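The values are calculated or read from the model by the stated rules, or taken from the named source; none is laboratory data. Given the structure is predicted, the values throughout are model-derived calculations rather than measurements. Cβ: placed from backbone, ideal geometry, glycine included. Neighbour counts: every protein chain shown.
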Amino acid sequence: MQTLEGPEPVTPAKLAPLARPPLEAMSGAIGPDAAVKLHAEDVSVLYGERVAVRDVTLDVPEHSVMAFIGPSGCGKSTVLRCFDRMNDLIPGATVRGRVELDGEDMYAPSVLPVEIRRKVGLVFQRPNPFPMSIYENVAYGPRRHGQKDRARLDEVVERSLRQAALWDEVKDDLRKKSGLALSGGQQQRLCIARTLAIDPEVILMDEPCSALDPIATLKIEELISQLKAEYTILIVTHNMQQAARVSDRTAFFTLGEDRAGYLVELDDTLKIFTNPANQLTEDYVSGRFG
Amino acid sequence: MTTVESSLSRAQPGLRARLDVPRRITLAAALVVIGAVALLLGFIVWRGLQLFVASGVPVAQIFTTAWQPDPLSAGTNYGLLPFIGGTLAVMAVAAVIATPLSVGLALFLAEVAPGWARRIVQPAMEVFVGIPSVVYGWLGLVVLVPYLRTQFGWMGFATGFSWFAGSLVLSLMILPTITSISYDAFVVVPADMRSASLALGTTRWQAIRHVVLPTAATGVATAIVFGLMRAAGEALAVQMVIGNAPVIPTSLARPVTTLTSQITLDMSDATGTWNEALWTMGLVLLIISLTFVLIIRRLGRRSTPA
């Protein structure tokens, strides 16, 4: 197995054994008529006076996986968090431009961030289960949203854990075992199950595998491919092969001369990795980036 | 491993001895403290038991209610129940008053307050701690007690000196203790946990109520016990407002007394068996404190595996 983030150019031939689904199947997976789930137009994020990322315009088609790649500090995560208004929590952060979910302005004054976050789930970089039982971790969201019926909760917990491919590993001590007693990879799948339990339409993942070993990473990637059928997924990753394996479309960000991140190129994943339009993208995906 | 070590010590013969110096200094400090605590405990236990050993007062007698300590008058009885009951009662009500305020303040500081508010409240808390207890007692004596007497006489505050006055003064004194320890318990809850809750579409209050509070629960419990411990030990301020009546506490409006205030009150007059009884009261106080220490340690153990 080749290294996950090697300096060699990534060619279709090298990707093929790892690709899942195969790269060929991915190209054109998104028809031009697919509905736009998320839309960003001229979005800039400022931390105080400093522009962290500027003028991002992109569309995410429904039921697809889009990967954000690019060097550290280029604003990938910042853009990601515009889509569930988690940037609102950072003191001094301002989002400019227009962000839409199903064609509606997410930042309209009448929209409450909590409503957005119920529709758009977020999986964090480091697994962060609550210090409570596996069951309570998954039931947390539905409970807070008013679900009191035990049978319904049991059902949601089982369904979410099955979807997150964790059910078989934890079904015997759902209520006894703390979420923190699981392995790192299991914890991350628990966090995914916790997100699925609130029945979101979009799932944002912020480098969800960066704290995991390769086997656990593979499991999460398989999961992403399965979840695509029902959800729209945005994933930030430092691992280019991961982007190639799981995503339909890839957005490449980098840092401009002005130290602000910007979107260089957005295209079908196959195109980004084999025949990108921009020289900067070419340099980055082929490992020639400083 | 061993070969590396031995070759090093051959190279510098004095090194091992010099490396040992910090260990010896710290060990000496530890031994001094352990020795002092052991001597203190031993002394109080030994003196505290003289009432039973030397004077032959039956142990059961301290669990009676009559306090007739003067050996010069006929028919002595060393019932400590009013003092034990008074201490526990004054302490408990003080905790009931102080806990919601302190935990609320700590939550405000840790979760809600903007930076400037924190910069005002934290020094204010330190001032609170720094005020000598006699000042609290004085304020209680000249402000609180007359106020209770004149405004709440209809509720039974005949003199103003009362269980409630003692508890109220104490609650102010333990407020900073409970606040600062609970604050620490709240701020160590990882920011990740709050974000995780918010990302699930919960409100900030839900995140606090269902994630921060349960996660910090043992820390908050520890804070309350520390507060109680401080309350049990406080003598001066309480003595000034409590009325010092050796009776079992039955009404918040009536005077009661505590172990500490009775010891300070009696220590200049007490001789012989009376004096021994005061030592026994000290021993009882020590047992109450040790119980709290045990509770804190138990709480600390329970929180570690999480």
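Couple of notes before you dig in:
- Scanning region B:225-239 for residues that are surrounded by 23 or more Cβ atoms within 10 Å (Cβ to Cβ) and closer than 17 Å to B:Leu105 by Cβ returns a single hit, B:Gly227.
Residue-by-condition table, conditions (1) at pLDDT 90 or above; (2) of a type outside the set (Val, Ile, Thr):
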{"site": "B:Ser261", "(1), (2)": "yes, yes"}
{"site": "B:Met267", "(1), (2)": "no, yes"}
{"site": "B:Trp279", "(1), (2)": "yes, yes"}
{"site": "B:Leu285", "(1), (2)": "yes, yes"}
{"site": "B:Thr291", "(1), (2)": "yes, no"}
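- Matching residues, region A:171-184, being in a loop (DSSP other than H, G, I, E, B) and within 14 Å of chain B (Cβ to nearest Cβ): A:Lys176, A:Lys177, A:Leu182
Here is a yes/no grid of residues against (1) over 26 Å from the mean Cα position of the chain (by Cα); (2) crowded, with 19+ Cβ neighbours inside 10 Å; (3) in contact (Cβ under 8 Å) with a residue 24 or more places away in the chain:
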| site | (1), (2), (3) |
| --- | --- |
| B:Ser73 | yes, no, no |
| B:Met91 | no, yes, yes |
| B:Gly104 | no, no, no |
| B:Gly137 | no, yes, yes |
| B:Val142 | no, no, no |
| B:Phe157 | yes, yes, yes |
| B:Leu168 | no, yes, yes |
| B:Thr179 | no, yes, yes |
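- Meets criteria (among the hydroxyl-bearing types (Ser, Thr, Tyr) and under 30 Å from B:Val220 (Cα atoms)) for B:Thr26: no
- Evaluation of A:Ala197 against the conditions (1) touching a residue at least 24 places away in the same chain (Cβ under 8 Å); (2) touching a strand residue (DSSP E or B) at 6+ places or on another chain (Cβ under 8 Å); (3) of a type in the set (Gly, Ala, Ser) shows that the sole unmet condition is (2).
- Single condition A:Pro214 does not satisfy, out of (1) under 19 Å from A:Met132 (Cα atoms); (2) modelled with pLDDT under 90; (3) not aromatic (Phe, Trp, Tyr): (1)
- Within region B:56-65, restricting attention to residues that are modelled with pLDDT of 90 or more and not β-branched (Val, Ile, Thr), the residue that is surrounded by the fewest Cβ atoms within 10 Å (Cβ to Cβ) is B:Ala60.
- Answer residue from region A:82-130, given it is among the small types (Gly, Ala, Ser) and on the phi < 0 side of the Ramachandran plot and is nearest to the other protein chains (Cβ to nearest Cβ) among those: A:Gly121
- Residues within region A:185-199 that are within 14 Å of chain B (Cβ to nearest Cβ), part of a helix (DSSP H, G or I) and not β-branched (Val, Ile, Thr), tallied: 7
- Taking (1) within 14 Å of chain B (Cβ to nearest Cβ); (2) in contact with a Leu (Cβ under 7 Å, 6 or more places away or on another chain); (3) over 30 Å from A:Asp59 (Cβ atoms) in turn, A:Val202 satisfies each apart from (3).
- Residues (under 22 Å from the mean Cα position of the chain (by Cα) and under 20 Å from A:Glu230 (Cα atoms)) located in region A:130-155: A:Val138, A:Gly141, A:Pro142
- Residue match in region A:150-170 (condition: assigned to a helix (DSSP H, G or I), surrounded by fewer than 21 Cβ atoms within 10 Å (Cβ to Cβ) and at the interface with another protein chain (Cβ under 9 Å from one of its Cβ atoms)): no
- Of the residues making up region A:53-73, those that are outside any loop (DSSP other than H, G, I, E, B) and surrounded by 23 or more Cβ atoms within 10 Å (Cβ to Cβ) are A:Val53, A:Val56, A:Val60, A:Val65, A:Met66, A:Ala67, A:Phe68, A:Ile69.
- Checking every residue in region B:79-93 against the condition of being over 30 Å from B:Thr222 (Cα atoms) and out of contact with any strand residue (DSSP E or B) (no Cβ under 6 Å at 6 or more places or on another chain) gives zero matches.
- Screening B:Val169, B:Val121, B:Val145 for residues that are in contact with a helix residue (DSSP H, G or I) (Cβ under 8 Å, 6 or more places away or on another chain) and over 26 Å from B:Ala232 (Cβ atoms) leaves exactly one candidate, B:Val121.
- When the helices (runs of 4 or more DSSP H) confined to region B:145-253 are screened for residues that are away from chain A (no Cβ under 14 Å) and at pLDDT below 90, those reaching at least 2 such residues are found at B:213-233.
- Criterion violated by A:Asp283 - all others in (1) more than 18 Å from the chain's Cα centre (by Cα); (2) of a type outside the set (Phe, Trp, Tyr); (3) within 15 Å of A:Val79 (Cβ to Cβ) satisfied: (3)
- Of the candidates A:Glu230, A:Glu221, the single residue that is under 21 Å from A:Glu62 (Cβ atoms) and either assigned to a loop (DSSP other than H, G, I, E, B) or within 14 Å of chain B (Cβ to nearest Cβ) (or both) is A:Glu230.
- Residue check for A:Asn137: crowded, with 16+ Cβ neighbours inside 10 Å, within 14 Å of chain B (Cβ to nearest Cβ) and within 29 Å of A:Thr254 (Cα to Cα): no
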